[in-house]
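Asker: Pasting a structure here, questions to come.
The values are calculated or read from the model by the stated rules, or taken from the named source; none is laboratory data. Please read all numbers here as calculations on a predicted model, not as lab measurements. Counting neighbours? That spans all protein chains shown, and the Cβs are built from the backbone with ideal geometry, glycine included. Keep in mind that these areas ignore ligands, DNA and RNA; they rest on the heavy atoms of the full protein, side chains included. Shrake-Rupley method; radii C 1.70, N 1.55, O 1.52, S 1.80 Å.
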Amino acid sequence: MSRRHLRVLYDHQMFAIQKYGGISRIFLELARRVSARPDTSVYWYRGYHVDQFNVAPFRHQLARYWSFERPPLGTGRWPREKINHQGLRWFSRTTFPSPDIYHPSYFDPSVLSLVRSKRVAVTVYDMILERFLGDVERFRPSLEGKRAMVERADVIFVISEHTRNDLVQLLGVDPRKTVLTRPASDLSSVPAAPLPAELRSQPYLLYVGTRSKYKNFAVLQEAFARSDRLRRELKVVCFGGTSGFLEPELEFFARHGMADRFVHIPGDDSLLKVLYQHALGLVYTSRYEGFGIPPLEAMEIGCPVVCCPVSSIPEVVGDAALFFDPDEPDELVQRLDQLVDDEMVRSHLIARGRLRAQGFSWDTMVEQTLAGYRVVL
């Protein structure tokens with residue numbers, strides 16, 4: 001007996017926020033891989049977006065698609081959000097037949113009234129706002145929007161068991177309503193850029209992502225401040241994030257005589273890949289993650305990982321990392337010394353990491369997602 005044809009709608013929300021990022025990457029891979037199947041049709045309103053992903057290789061697979069990088073003529077000074085709301089409403093009202101599943105990429109509940117769909121799916125990536133920022137007034141709308149979307153959803157995808165447990169504990173969600181869909185990485189398929197000339201003369205450690213409070217970047221700063229050897233022999237390359245170094249960070253570097261030890265570099269996946277390839281290791285200091293894409297990318301490329309055994313991170317790295325207590329800079333110094341001194345440890349971490357990374361697959365994530373769609377239909 002053949003399966004009924006499935007029609008899925010993806011939206012613009014995260015693509016209007018992130019140039020690159022884990023959440024938008026998840027939906028890019030869903031659009032790419034779900035649309036390739038003969039038993040599914042994908043409608044994607046990408047809308048007015050800021051992301052830099054190239055969809056040309058699979059654009060022909062999409063049953064319907066609308067995208068623009070600049071406001072359409074006549075919109076004047078309308079904010080991006082208002083443009084996208086009007087565009088999504090039009091896109092949904094003129095799509096026939098209507099989608100079976102609407103899977104928004106983020107948590108703005110006002111989009112639900114714009115879309116004709118029988119069922120709604122949401123993906124919960126982490127519970128960072130609830131854990132760390134619940135008492136901050138400016139995040140209140142985001143918290144309320146997320147709760148509303150979770151309560152409305154017919155199925156809730158989670159990207160780690162830890163996120164599922166937090167979701168059940170903090171929002172009272174029935175775990176039977178959730179489906180585990182772990183992300184993956186295919187950074188190995190990206191062509192590597194040349195290594196920047198300023199990084200060719202001295203070994204370096206790599207730090208990837210934002211440096212906001214729960215990311216615990218301060219423990220890496222403090223480890224370097226306490227170790228003459230680290231400051232003398234190594235640099236730290238900070239890749240990506242939302243900005244260059246902030247004034248308090250620069251003041252800390254200057255106070256401890258290591259302003260030339262920390263470098264911030266923005267860039268794309270090609271640059272990130274070559275940074276992984278040449279780094280002594282990835283230092284992942286975060287206290288909390290919904291999943292943890294950088295450790296997975298590092299393992300895939302063959303870059304040793306030093307991280308904290310907290311939240312979802314052990315689900316990602318298994319036994320393929322050196323662990324340290326996030327509150328112990330001296331312990332981080334010890335792990336970094338071990339990484340520098342012991343070639344056998346590095347070799348074992350690389351081998352175990354490559355093997356571990358093979359257990360994560362976008363195709364598996366897609367199969368689990370489709371199974372979740374079909375259950376609620």
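Asker: With respect to the numbered conditions (1) buried (at least 21 other Cβ atoms within 10 Å of the Cβ); (2) assigned to a helix (DSSP H, G or I), which one is the sole condition not fulfilled by ILE156?
Answerer: Every condition holds for ILE156 apart from (2).
Asker: A further question on this structure: Name every residue in segment 311-333 that is of a type in the set (A, V, I, L, M) and open to solvent by 30 Å² or more (accessible area, probe 1.4 Å), in order of residue number.
Answerer: Listed by number, the list is empty, since nothing qualifies.
Asker: Tell me, which residue of segment 187-218 that is open to solvent by less than 40 Å² (accessible area, probe 1.4 Å) and among the aliphatic types (A, V, I, L, M) is farthest from the chain's Cα centre (by Cα)?
Answerer: Only one residue fits best here, namely LEU199.
Asker: Do you know which of the residues in segment 91-138 that are without any contact (Cβ under 8 Å) to a residue 24 or more places away in the chain and part of a loop (DSSP other than H, G, I, E, B) is surrounded by the most Cβ atoms within 10 Å (Cβ to Cβ)?
Answerer: LEU133
Asker: If LEU88 passes every condition in (1) within 30 Å of LEU296 (Cβ to Cβ); (2) in contact (Cβ under 8 Å) with a residue 60 or more places away in the chain; (3) crowded, with 21+ Cβ neighbours inside 10 Å but one, which one does it miss?
Answerer: Looking at each condition in turn, LEU88 falls short on (1).
Asker: Quick check on segment 249-270: of everything there that is aliphatic (A, V, I, L, M) and more than 14 Å from TYR207 (Cα to Cα), which residue is surrounded by the fewest Cβ atoms within 10 Å (Cβ to Cβ)?
Answerer: If we take residues in segment 249-270 being aliphatic (A, V, I, L, M) and more than 14 Å from TYR207 (Cα to Cα), then ALA254 is surrounded by the fewest Cβ atoms within 10 Å (Cβ to Cβ).
Asker: Do you know which of the residues in segment 334-356 that are open to solvent by 20 Å² or more (accessible area, probe 1.4 Å) and in contact with a strand residue (DSSP E or B) (Cβ under 8 Å, 6 or more places away or on another chain) is nearest to PHE224 (Cα to Cα)?
Answerer: ARG335
Asker: Right, next: Mind checking whether some residue in segment 297-305 is surrounded by 21 or more Cβ atoms within 10 Å (Cβ to Cβ), in contact with a strand residue (DSSP E or B) (Cβ under 7 Å, 6 or more places away or on another chain) and in a loop (DSSP other than H, G, I, E, B)?
Answerer: yes
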